[in-house]
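Read through the structure below, which is laid out as structure tokens, and then see the notes.
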Amino acid sequence: MSDTALASPGTARWEILGIDWRRSWPILPAILFLFVFFVYPVGDLLFISFTTRDGAFTLEQYSKVATTPVYGRVFFITFKIALMVTFFSVVFGYPVAYLLANASPKNRARLMLLVLVPFWTSFLVRTFSWMIILSYNGPARSLIEFFDGPDSKIKLIYNMTGVMIGTTQALMPLAILVMTAAMQNIDRNLLSAASTMGARGGQAFWRIYFPLSMPGVAAGALLTFITSLGFFITPALLGSPRETMIAQIILTQIQELLNWRLAGALSLILLVLALLIFAIQNRSTGALGEADSASPGRAPTLLSRAFSRIGRAGLAIPGWITDRLGELYERLVPVRPDRKPRDISGWTLRVFVGLVIIFLICPAFVVIPVSVTAGNFISLPPQGLSLRWYETYLGSTTWMNATGLSFLIATLTGIATTVLGTAAAFVLSRHRFPAKRPILALFLSPLIVPRMVTAVALFYVFAKIGLIGSITGLVIGHTVLSLPYVVVTVMAVLKTYDIRLDQAASTLGANPLRTLMRITLPLLKVGIISAFLFAFVTSFDELTIALFTSAGTVTTLPKAMWSDLILHANPTLAAVSTVILLIASIIVLGSEAIQRRAARYMG
Amino acid sequence: MNDLDTLEVADGRPDAKMPATNDRPSPQNPGSKLDIRGVSKRFHSVVAVDDVSLEVADGEFLTLLGPSGSGKTTLLTIVAGLVPPDGGDVWIDGKLATYMPSHKRDIGMVFQNYALFPHLSVFENIAFPLRMRRMAAAQIRTEVNRVLEIVELPEVGDRLPRQLSGGQQQRIALARCMVYQPSIIIMDEPLGALDKGLRDTMQLEIKRLHQQYGITVLYVTHDQEEALALSDRICLMRLGRAEQISTPHDLYFSPKSVFAANFIGDSNLIEGRVTQVAGGRTVIAGPGECVIEKKTADQRFAVGDPVVAMIRPENLRLGERSQDTRNALPGTVESVLFAGSVMSVFLRREDGAVVQVKLLMTRHVGENPVGRAATVTWNEDDVVLLRPGDSADE
């Protein structure tokens, strides 16, 4: 099915940008969609930041940002938070990724499910549960008072600690996912080889595994960092005004001051910073997720050799320390050649990973006891048992409308994204054309551009064409955000799909359409369903775009929750959160079941 | 099981050098580099290695040969210390090493995909085991250059592994093991990833290094030709057990079981029943009129026993149809396979079974024999009598 093989004299007329559109047309709708509802709006927003009201060129907004100290401070804090979150996510996520990458496929699937639970659970629900746990009368406070006395000055919420805890929990799964993918490419035999050559566990890890895992760590850190740059929910709910991040400032500029130009300027700065970091990282360690750092064929320069020598010497130190510790332990408990050794390091790792997974999963479940309280306030443990807050939820037209609307929008988004994304993924993974890399970058860019920037840009464009406060507008916005996930998921499935099956069908007399309907799509069913669910969940949990473009007329579930969280957190929220948890669990378990059934014939 | 008997160590035999740390006997033969005794390993319900014992002498090249799932790789990883056995002992160079972590064993291992560290230069790859042994920098340089000379790749030290060809990577993997002179080098299908031509070259190279430097090798392969070409002895494995341990020559010409006969080379198996074991003769009633005779009385069999007579195809002669029934089988030539130096002729016996005859080709090829009636004959020395069924004689 390679393009060159089928190239005919008539091809040239249909070729634009090196793409044969007669065969690659299915990618066109998705590209057009992104240009109209992503590239153009973001570009437009950035453009107006350079203009005055009558369209003349000005740098007024940027000089305002530069001269007002508060913006500098906010940028500094944003970077500080993003850096710290990245550090914690990578350091605590690394052992989890290590265990995942080196587990048997069966165990890996199970562990991965656990790591992904927070990914599927609503971000607002998780933030809300941290508010319950960390609050002044919450269980975390009781723990502190138990150890530090009732007058303890340690505060866990409405400060940097709260923001760290909430954001790290939100982003660590992302770091783990990226690092695991890269670590799975590291050959297990390398550690065995090091061991047979006389390396203890420490030396083998620090000298061999660790350097090889660095590209994965860098990719994970990059994605975590860029994503956290655009955060506003956790600092708003778990932090104080001193932890204000740049996305919150943009939000205020629009919602309260309707200052498009300044918001555009701040967005541009945020975007440029994100892209700059992306470019620097990309240059230093190779493309996102590619495990091989050193480029093939390129002879090592003097400088790179010097660096690698320094790096090696540096890594010898932790290796030396861990090995001395190992020897010390062996002096206490000598190795016996006639007894099975106890796997101390293995168990340490497992316990640590267990604690991280508890940190990732368990907090969300506090909403369940809180939701069944009989009292008027959020309290843990609940005061008495009742279902009154569920009655409140079910009896409230606001909540019911919001729930119904979110379901509708999520379903529509799921369908739109799956159709656009699957078609694009087919072209991207099956056809060869020179412009592939930039087009792939276009599809992934909604992940890199901070969500707040996308939301503001869409708001600006929707305002001009009257899509504010419409279901269509929300579906469009959510489709932009979930398209990257769908494209990546379907491309990953297509990568393992044996194209010879299609060729076999073709030689057996099936035309392309019948091949697609009877062979290709049924075999890819599982991948496409999980892509749909990804899009569904992304939309169901989406707040940023809903905040801007819904204009108070169409209130989605996250937006209704956000308003309550900001104004008056009450046990109804716990009841709503429990319902959302239940829905998420059904979706996760459902997709698991589908995948397990498919595993029967997909090897 | 004669070979096995001589190899197995009589348990509890008193030994002059009893190690102080444990009450287990040290190896019977202090010169042996590797001594595996009664090692077993099961994964859940699958028995991967079932009570295997074998010994590798200093400078010996021993191959574990068997189909996939025969337990050869599991046995190898047990020796390397990568998987702990459920029972039995492993001695390496006279020291008990059953549960020693692999970094404390004196072994080297060549992996199927070589396991060269991709981020380290060839020099650093080879220097790695020496650094782990805290050798001085100057000495490391000398040693690495020495083994690079041995594997005939003196100028590649600065390159990364991926910049080398498959055969070169293979040599570097060997050099990395040879540089620290371990008691034994373990090789796990090291030629599996190479194509046919390169595989033959590397076979010669491995053989050269083994003979020239006297290294002791435990080798794993499923390729019988490779095993026959390289080994001093072969341990044929089947279902986790050592089926037969012999020299390549004995394994080929005196297989101890139908399985061994079938696994190594091509073989014709002719079923029959013993009619006489006496007077220096063993007589077997074969299919039809055929009588198989050997000039020795094989005391393993009694009159009336079922027996399988194994004859290698190259030991059969193809002739005109004759009335002979002693050590002769009539049939019709059904098909012919020409493979260059050798031609295989397939003869359909009168009872329907097929006999394969291998003829060494000379320039004079007769007319196409397909369809002709013919008789195959053999020398009685070339007949190996086996018990029916798959397993070895008990």
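The values are calculated or read from the model by the stated rules, or taken from the named source; none is laboratory data. Model, not experiment: these values are computed from the prediction. Every residue, glycine among them, receives a Cβ derived from its backbone with ideal geometry; neighbour counts consider all protein chains shown.
A few comments on the model shown:
- You will find that of A:Ser345, A:Ser396, the residue that is within 14 Å of chain B (Cβ to nearest Cβ), surrounded by 14 or more Cβ atoms within 10 Å (Cβ to Cβ) and among the hydroxyl-bearing types (Ser, Thr, Tyr) is A:Ser345 and no other.
- The residues of the stretch B:103-121 that are facing chain A (nearest Cβ under 8 Å), buried (at least 22 other Cβ atoms within 10 Å of the Cβ) and not in a loop (DSSP other than H, G, I, E, B), listed by number, are B:Ile107, B:Gly108, B:Met109.
- Counting only helices (runs of 4 or more DSSP H) that sit completely within the stretch A:509-569, those holding 2 or more residues that are in contact (Cβ under 8 Å) with a residue 24 or more places away in the chain and within 27 Å of A:Glu256 (Cβ to Cβ) correspond to A:544-549, A:557-567.
- A:Asn102, sole failed condition from (1) touching a residue at least 40 places away in the same chain (Cβ under 8 Å); (2) more than 19 Å from A:Ile361 (Cα to Cα); (3) surrounded by fewer than 16 Cβ atoms within 10 Å (Cβ to Cβ): (3)
- Hits in the stretch A:348-366 (condition: surrounded by fewer than 12 Cβ atoms within 10 Å (Cβ to Cβ) and not hydrophobic (A, V, I, L, M, F, W, C)): A:Thr348
- Residues that are surrounded by fewer than 19 Cβ atoms within 10 Å (Cβ to Cβ) and either under 11 Å from A:Ile233 (Cβ atoms) or in contact with a Ser or Thr (Cβ under 9 Å, 6 or more places away or on another chain) (or both) within the stretch A:125-140 comprise just one, A:Asn137.
- All of A:Arg73, A:Arg53, A:Arg23 fail the test of being loosely packed, with under 13 Cβ neighbours inside 10 Å and over 25 Å from A:Ile465 (Cβ atoms), apart from A:Arg73.
- Qualifying residues in the stretch B:320-340 (those that are modelled with pLDDT under 85 and of a type in the set (Ser, Thr, Tyr)) - the one farthest from the chain's Cα centre (by Cα): B:Ser322
- Yes/no for B:Val345 being under 23 Å from B:Arg372 (Cβ atoms), hydrophobic (A, V, I, L, M, F, W, C) and crowded, with 19+ Cβ neighbours inside 10 Å: yes
- Residue pairs meeting the criteria (Cβ under 7 Å; at least 6 apart or on separate chains; first facing chain A (nearest Cβ under 9 Å) and part of a strand (DSSP E or B), in the stretch B:86-102; second among the acidic types (Asp, Glu) and surrounded by fewer than 17 Cβ atoms within 10 Å (Cβ to Cβ)): B:Leu96/A:Asp338
- If the condition is being under 16 Å from B:Leu116 (Cβ atoms) and either touching a Phe, Trp or Tyr at 6+ places or on another chain (Cβ under 9 Å) or among the acidic types (Asp, Glu) (or both), then the stretch B:190-212 contributes B:Pro190, B:Ala193.
- Members of the stretch B:100-117 that are at pLDDT 90 or above and either small (Gly, Ala, Ser) or over 25 Å from the mean Cα position of the chain (by Cα) (or both): B:Gly108, B:Ala115, B:Leu116, B:Phe117
- Within the stretch B:180-190, tally of residues that are crowded, with 24+ Cβ neighbours inside 10 Å and either at the interface with chain A (Cβ under 9 Å from one of its Cβ atoms) or on the phi > 0 side of the Ramachandran plot (or both): 1
- Residues of the stretch A:52-67 satisfying the condition of being out of contact with any helix residue (DSSP H, G or I) (no Cβ under 7 Å at 6 or more places or on another chain), under 11 Å from A:Ala265 (Cβ atoms) and polar (S, T, N, Q): A:Thr58, A:Ser63
- Number of the exception - B:Thr275 against (1) closer than 15 Å to B:Pro388 by Cα; (2) assigned to a strand (DSSP E or B); (3) not acidic (Asp, Glu): (1)
- Residues being of a type in the set (Gly, Ala, Ser) and touching a His at 6+ places or on another chain (Cβ under 7 Å) - total across the stretch B:51-107: 2
- Helices (runs of 4 or more DSSP H) contained in the stretch A:169-271 and holding at least 3 residues touching a residue at least 40 places away in the same chain (Cβ under 8 Å): A:210-229, A:233-238, A:246-255
- Residues in the stretch B:122-158 that are within 13 Å of another protein chain (Cβ to nearest Cβ), assigned to a loop (DSSP other than H, G, I, E, B) and touching a residue at least 40 places away in the same chain (Cβ under 8 Å): B:Arg133 alone.
- Filter pass, B:Val79 being more than 8 Å from chain A (Cβ to nearest Cβ) and farther than 18 Å from B:Val39 by Cα: no
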